[in-house]
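K.L.:
Please see the structure below; I have some questions.
The values are calculated or read from the model by the stated rules, or taken from the named source; none is laboratory data. Computed from a predicted model, the values in this text were never measured in an experiment. Cβ: placed from backbone, ideal geometry, glycine included. Neighbour counts: every protein chain shown. Ligands, DNA and RNA are excluded from the accessible area calculation, which covers all protein heavy atoms including side chains. Shrake-Rupley method; radii C 1.70, N 1.55, O 1.52, S 1.80 Å.
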Amino acid sequence: MNTTWARLSRRILPAVLAATVLAGCGGSGNSPVAKGTSSSAAPAAPSTAASASAPPPPSASPTPTPTGDADPALKPFYGQQIAWSSCPADPAQKDVDLSAFQCGTAHVPLDYANPGADTIDLALMRKPAIHQDQRLGSLFLNPGGPGGSGLDLLTNAATSSFGNLNNRYDLIGFDPRGVGKSTAVHCLDDSARDRLDAQNHAGPTSVKDLGAACEARSGKLLPFVGTVNAARDLDVLRGAVGDQKLNYLGFSYGTYLGTFYANQFPDRTGRLVLDGAMDPSVSNLDSSIAQMVGFESVFEHFAADCVKQSDCPLGSDASTAAKKAADFLDGLEAHPLTSATSGRTLTQALGWTGTMDMLYGDAKSWGYLRIGLSNAMKAHSPDALIEFADDYNSRDQQGHYSNQADANQAINCADDGSTPPTDDQIQQALQQLHTKAPYLTNHMNADDVRAAMDCADWPVHGSTPPQVLKATGSAPILVVGSTGDDATPYAWAQHLASSLADATLLTRDGDGHTGYDKSSCIKSDVDAFLIDGTMPAAGTHCATNPPANES
């Protein structure tokens, strides 16, 4: 199963981050960071013991006030020529015809405060505008995450979702710093990631152990993968493709990146759309709680819909259906299911991860989840739920992982400038979760909550505190929010649209994450804005598309 929009939202970790001793995740030998085009020295190995005299972890780089191409030291980056060429075959996408796409690489500073030192690579993919005589420029796409691959988004959705936009725009997918085919963060090998994702509970040193693995393999990169630097990269890419203004369509975390871009470079904003909007003023603790409450609501809606279907394994009573599903998934801790075909085991963590993967979607995804739960509950076959969990975790059929989860943690913690929660705050958060999202969080303990919300033990201290961003002086920005969005609650879109100096909120009424892929009305309004500059009227609401089997 291919995902289009990245399943990982900025903080949510439904298979709660868990690790004890991460065997099999040794260093890679060399840092992926390059000095010019040559390899740099390997990062330092993590310390094995803390001491009173040990220095604090380095802080993520909070680059100086952006100057862009006005800075003589950055002119070579803005002026670089991207050598577009045919894209190499991708074994992970054997069925994708890449003949219409072009690939290239851009170079950006590792540290914008010292642009003459190390550089890193950014991987790009372009699908040229169909009607070149009517071309409007480039449209940059970001699927979310952080950690989602813009290259994958483009190949999966260029025709099915963005065909109308491609008539007038060169569509450009890019892997941000730390992600995918760009200079990437690497922490765990496949076997270590398998063990991590299957663990039901976090240990007290979960983040510290994962951080040590990341530091051993990508230590030089970790301080520089935050969103502030990624926004600087985006402006370099804008200049490198020859656009005076940035046109951008971002989903989920992609809205966070787009908001930071608009705030740093308001005079260079063209037409920006932020769908599934994140609110940068919300703390990690509060955002994690809000997301779990959102998923709880959609889980209940799924269960209520399930009992209306003849193949529902949850009975016919909507008042008990959600509890039956939650009890089964929680019961996998004591009674996991082993696949007769693959030999893999469906643990509680993988069961919940697979379930939540399907909760991101629409009625079609709910149908898949209904079948997966039925197979597991009635036939004791875990294969479908394992496949859904693999989809979320970016694990392919050969057992290989993308670096999405590694990048997600690294970027989140590089951004996390909030004060680490105290033990009392963790306990209060746990109580809130048990009260407001009992089905999804009944199995969670304080260590699970801390691992999902706290970067205090990460080897790099974040530099971006929760803050209201206004992007004063930007061009008009279109913010899209969905009333039943579980990963990025509607209230975030409302607050972001009201906080930005010049923004309009477009609303989809319905469940599921993001609106563009779930409503022809949203898609039409977004396309009209990006192509013609026509902003929908303030207060516009759109309906969700009916299920495919309905008129």
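K.L.:
In this structure, is Ser283 of a type outside the set (Lys, Arg), free of Cβ contacts under 8 Å to residues at least 60 places away in the same chain and out of contact with any Lys or Arg (no Cβ under 6 Å at 6 or more places or on another chain)?
P.N.:
no
K.L.:
Quick check: is even one residue across the stretch 300-312 in contact with a strand residue (DSSP E or B) (Cβ under 8 Å, 6 or more places away or on another chain), assigned to a helix (DSSP H, G or I) and open to solvent by 60 Å² or more (accessible area, probe 1.4 Å)?
P.N.:
yes
K.L.:
Asp327 is checked against (1) touching a residue at least 24 places away in the same chain (Cβ under 8 Å); (2) open to solvent by 10 Å² or more (accessible area, probe 1.4 Å) and fails just one. What number does that condition carry?
P.N.:
It is condition (1) that Asp327 fails.
K.L.:
Scanning for something among the basic types (Lys, Arg) and in contact with a helix residue (DSSP H, G or I) (Cβ under 8 Å, 6 or more places away or on another chain), does the stretch 133-141 turn up at least one residue?
P.N.:
Within the stretch 133-141, not a single residue is among the basic types (Lys, Arg) and in contact with a helix residue (DSSP H, G or I) (Cβ under 8 Å, 6 or more places away or on another chain).
K.L.:
Turning to a different aspect of this structure: Asn408 passes all but one of (1) under 20 Å from the mean Cα position of the chain (by Cα); (2) among the polar types (S, T, N, Q); (3) open to solvent by 20 Å² or more (accessible area, probe 1.4 Å); which number fails?
P.N.:
(3)
K.L.:
As an exercise: evaluate Ser252 against (1) open to solvent by 10 Å² or more (accessible area, probe 1.4 Å); (2) in contact with a strand residue (DSSP E or B) (Cβ under 9 Å, 6 or more places away or on another chain); (3) more than 25 Å from Leu110 (Cβ to Cβ) and give the number of the one condition it does not meet.
P.N.:
For Ser252, the exception is condition (1).
K.L.:
Considering each residue of the stretch 86-140, count those that are assigned to a helix (DSSP H, G or I) and at pLDDT below 95, and give that number.
P.N.:
3
Conditions tested, residue by residue: (1) open to solvent by 10 Å² or more (accessible area, probe 1.4 Å); (2) of a type outside the set (Lys, Arg); (3) under 30 Å from Ser319 (Cα atoms).
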position: Tyr439; (1), (2), (3): yes, yes, yes
position: Ala451; (1), (2), (3): no, yes, no
position: Val479; (1), (2), (3): no, yes, no
position: Ala493; (1), (2), (3): no, yes, no
position: Leu506; (1), (2), (3): no, yes, no
position: Pro536; (1), (2), (3): yes, yes, no
position: Thr540; (1), (2), (3): yes, yes, no
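K.L.:
Oh, and also: Pro143 versus (1) surrounded by fewer than 21 Cβ atoms within 10 Å (Cβ to Cβ); (2) in contact (Cβ under 8 Å) with a residue 24 or more places away in the chain: which is the lone unmet condition?
P.N.:
Answer for Pro143: the failing condition is (1).
K.L.:
Looking at (1) open to solvent by 10 Å² or more (accessible area, probe 1.4 Å); (2) out of contact with any strand residue (DSSP E or B) (no Cβ under 7 Å at 6 or more places or on another chain); (3) among the polar types (S, T, N, Q), can you tell me which one Thr488 breaks?
P.N.:
Checking Thr488 against (1) open to solvent by 10 Å² or more (accessible area, probe 1.4 Å); (2) out of contact with any strand residue (DSSP E or B) (no Cβ under 7 Å at 6 or more places or on another chain); (3) among the polar types (S, T, N, Q), the one that fails is (1).
K.L.:
Step by step: first the residues of the stretch 368-395, then only those that are more than 29 Å from Val460 (Cβ to Cβ) and part of a loop (DSSP other than H, G, I, E, B), then the one that is most open to solvent (accessible area, probe 1.4 Å). Which residue is that?
P.N.:
His380
K.L.:
Which condition number does Gly148 fail, the rest of (1) in a helix (DSSP H, G or I); (2) over 15 Å from Pro128 (Cβ atoms); (3) in contact with a strand residue (DSSP E or B) (Cβ under 8 Å, 6 or more places away or on another chain); (4) not aliphatic (A, V, I, L, M) being met?
P.N.:
Status for Gly148: all satisfied but (1).
K.L.:
For the stretch 152-167, enumerate the residues that are in a helix (DSSP H, G or I) and open to solvent by less than 10 Å² (accessible area, probe 1.4 Å).
P.N.:
Result: Leu153, Leu154, Ala157, Leu165, Asn166.
K.L.:
Restricting to the stretch 202-225, name every residue that is in contact with a helix residue (DSSP H, G or I) (Cβ under 7 Å, 6 or more places away or on another chain), open to solvent by less than 10 Å² (accessible area, probe 1.4 Å) and modelled with pLDDT of 95 or more.
P.N.:
Listed by number, the residues that qualify are Cys214, Leu222, Val225.
K.L.:
Then there is this: Please go through the stretch 212-251 and pick out each residue that is under 24 Å from Pro466 (Cβ atoms) and either among the charged types (D, E, K, R) or more than 20 Å from the chain's Cα centre (by Cα) (or both).
P.N.:
Arg232, Asp233, Asp235
K.L.:
Also, I was wondering about something else. Among the residues of the stretch 69-85, which ones are within 27 Å of the chain's Cα centre (by Cα) and modelled with pLDDT under 95?
P.N.:
none
K.L.:
Given Ala340, Ala363, Ala349, which one is more than 14 Å from Ser374 (Cα to Cα), surrounded by fewer than 18 Cβ atoms within 10 Å (Cβ to Cβ) and among the aliphatic types (A, V, I, L, M)?
P.N.:
Ala340
K.L.:
Further, regarding this structure: Go through (1) outside any loop (DSSP other than H, G, I, E, B); (2) crowded, with 22+ Cβ neighbours inside 10 Å for Ser319 and report which single condition fails.
P.N.:
Of the numbered conditions (1) outside any loop (DSSP other than H, G, I, E, B); (2) crowded, with 22+ Cβ neighbours inside 10 Å, the odd one out for Ser319 is (2).
K.L.:
Farther than 24 Å from Pro280 by Cβ and either in a loop (DSSP other than H, G, I, E, B) or β-branched (Val, Ile, Thr) (or both): does that describe Pro546?
P.N.:
yes
K.L.:
Would you confirm whether any residue within the stretch 184-196 is assigned to a loop (DSSP other than H, G, I, E, B) and farther than 23 Å from Pro459 by Cα?
P.N.:
no
K.L.:
If you check Thr435 against the conditions, is it open to solvent by 10 Å² or more (accessible area, probe 1.4 Å), under 24 Å from Ala349 (Cα atoms) and not hydrophobic (A, V, I, L, M, F, W, C)?
P.N.:
Yes.
K.L.:
In addition: Within 26 Å of Ala83 (Cβ to Cβ) and open to solvent by 10 Å² or more (accessible area, probe 1.4 Å), is that true of Arg177?
P.N.:
The answer is no for Arg177.
K.L.:
Which residues, taken from the stretch 187-201, are in contact with a helix residue (DSSP H, G or I) (Cβ under 8 Å, 6 or more places away or on another chain) and either farther than 18 Å from Ala410 by Cα or surrounded by fewer than 21 Cβ atoms within 10 Å (Cβ to Cβ) (or both)?
P.N.:
Across the stretch 187-201, the qualifying residues are Ala192, Ala198, Gln199, Asn200, His201.
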